[in-house]
Structure formats: C-alpha cells, structure tokens
Amino acid sequence: MRRRCGPGARLEAFGLTDRDQTSKLPLIIVGGGGHAKVVASTLLLQHRVVLGFVDVDPATPPLLGIANLGNDDTVFDYSPDRVRLVNGVGSVKSTTLRQTIYENFVSKDYSFETVIHPSAIVSPDVEVGAGVQIMAGAVVQPGCQVGFNAIINTGACVDHDCVIGAHAHIAPGATLSGRVHVGSGSQIGTGATIIQGITVGASSIVGAGAVVIRNVPDGVIVVGVPAALLTSRVASRP
C-alpha cells in the first residue's frame, strides 16, 4: 500500500496520528546491527512501543535498552494483526538480505511499518510504500515515489520526480537530482551524486562518492568520477 504525507505533515506526525490507527500497534525490529540501532533511536524519539528485536545471534546485546527477544522465529509468537515489524537490516554490499526478510514475513501476512525521522523533510505529495525508512536529515522533494522496503538514509537528498524502486538503498549523504530512476534492489553509495534524468538499473551498486552522468544498466557496479563500470555482479536474488 502506498501512502502520501498529508498537507503540512513534517513527519513527526506521519503515521502517528489518529488517522492511521494501525500505526499504534506495538513494533518488533528484525535485526540487531547498526542500522537496527539507528531505526530504534527514531522509534524511541517518536515514543513508539517497541516490544523488542529479533536477531540470528542470541547474544546480541540490547539496542538502546530494547531487549533481544530471540531469533527471527520468535516473531511467530505474535499474531500478524497484533504487531507490526520494522526492518532493522541495512545493506553494505547488497540489499539481498533486507529484501529476503521483508518478503518472507510479508508472505506470512506480517506488515512492515514505515519509519520517517522527525527531522526528515518530505513533500506532502510524495508516494511512500510500506516499510520505507527515511532517516534523519533526509530530503525528498515533490513528485517522488519511494518503493516498499526502500531506505533513504541519513542526510540523503532526493530531488523532484525521482522514482526509487522497492528494496533500494540511498546511502547517507547521497544526492539524486531531478527525475532520477533507481531500480529495485539497487544501492546508491555514501556521498554519491547522480545528475538529472539518469536511470540506474535494478540490482546495481553505485560506489561511494561516485558521480553518475550516464545511465547504469542492471546488475553492475560503477565507481569513480565520472562513474565507470567496475564489474558485473550476480543478481541480487539468492
């Protein structure tokens, strides 16, 4: 389901008002690493009820005081209509694990909460898919579409009329000029810049600090200034 930010919604209100009753359900974070900690911080700032987090490592310490409930199967102790999940898995070299977690739980009727930091600035007409995360200081301008389970990370700037595919990751400090299309499962690295009108194909990686001035095909890695092909990569699906 896609949602629009209401007029004047500066995101402390997005998903937290009486107009969206489902957002009042308690939350479970899936994952216990660095991205999970950042997401947990946002949820606590918004005074959300977080039951705990699940992680493959039972020894993972609490996240900002949030307890480790056990491995991923612990989620099944909670009915899908009584909790919502938050994807705490980020992406360093691939978005595959994050995508797999999302699809596995959705196939079992669980829903993922959209998380938007209060300091993010998102135009009221932006279309936001389920499970999207827009982190502190990010800017998303008018006419943009952000596909489900995508991350627009800390301080990233997404200008007008961009389309961000499902499961994509726009890393901290990245800049997308107007009308950029980023394919499903792609990753735009930290501090990368993509000029206006460029298309980045599905399951591709734009390296940190790269400047992209030409279209990028599916399933490749590009790096440098200007960005050039480094290698093809295996498709993002396991």
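Looking at the stretch 100-110, which of its residues are surrounded by fewer than 23 Cβ atoms within 10 Å (Cβ to Cβ) and out of contact with any Asp or Glu (no Cβ under 9 Å at 6 or more places or on another chain)? Thr100, Glu103, Val106, Ser107, Lys108, Tyr110, listed by residue number.
Applying the criterion of being closer than 14 Å to His35 by Cβ and at pLDDT below 95 to the residues of the stretch 88-97, the residue that is surrounded by the fewest Cβ atoms within 10 Å (Cβ to Cβ) is Lys93.
Restricted to the stretch 111-151, and to residues that are charged (D, E, K, R) and within 16 Å of Val163 (Cβ to Cβ), which residue is surrounded by the fewest Cβ atoms within 10 Å (Cβ to Cβ)? Checked the stretch 111-151; the qualifying residue surrounded by the fewest Cβ atoms within 10 Å (Cβ to Cβ) is Asp125. The residue pairs whose first member lies in the stretch 59-84 and is under 17 Å from Tyr102 (Cα atoms) and in contact (Cβ under 8 Å) with a residue 60 or more places away in the chain, whose second member is part of a loop (DSSP other than H, G, I, E, B) and polar (S, T, N, Q), and whose beta carbons are closer than 9 Å, counting only pairs six or more residues apart or on different chains, are Arg84/Ser111. Quick one: would you say Thr231 is exposed (fewer than 15 other Cβ atoms within 10 Å of the Cβ), among the hydroxyl-bearing types (Ser, Thr, Tyr) and over 28 Å from Val38 (Cα atoms)? Yes. Within the bounds of the stretch 201-222, is there any residue that is among the aliphatic types (A, V, I, L, M), part of a strand (DSSP E or B) and under 29 Å from Ile29 (Cβ atoms)? Yes; the residues of the stretch 201-222 include at least one that is among the aliphatic types (A, V, I, L, M), part of a strand (DSSP E or B) and under 29 Å from Ile29 (Cβ atoms). Comparison of Ser79, Ser41, Ser23, Ser107 shows that the only residue that is modelled with pLDDT under 95 and outside the structural domain of Asp125 (by TED's automatic domain parsing) is Ser23.
The values are calculated or read from the model by the stated rules, or taken from the named source; none is laboratory data. Just so it is clear, the structure is predicted and the values come from calculations on it, not from any experiment. Here Cβ is always computed from backbone atoms with ideal geometry, including for glycine, and neighbour counts include all displayed protein chains.
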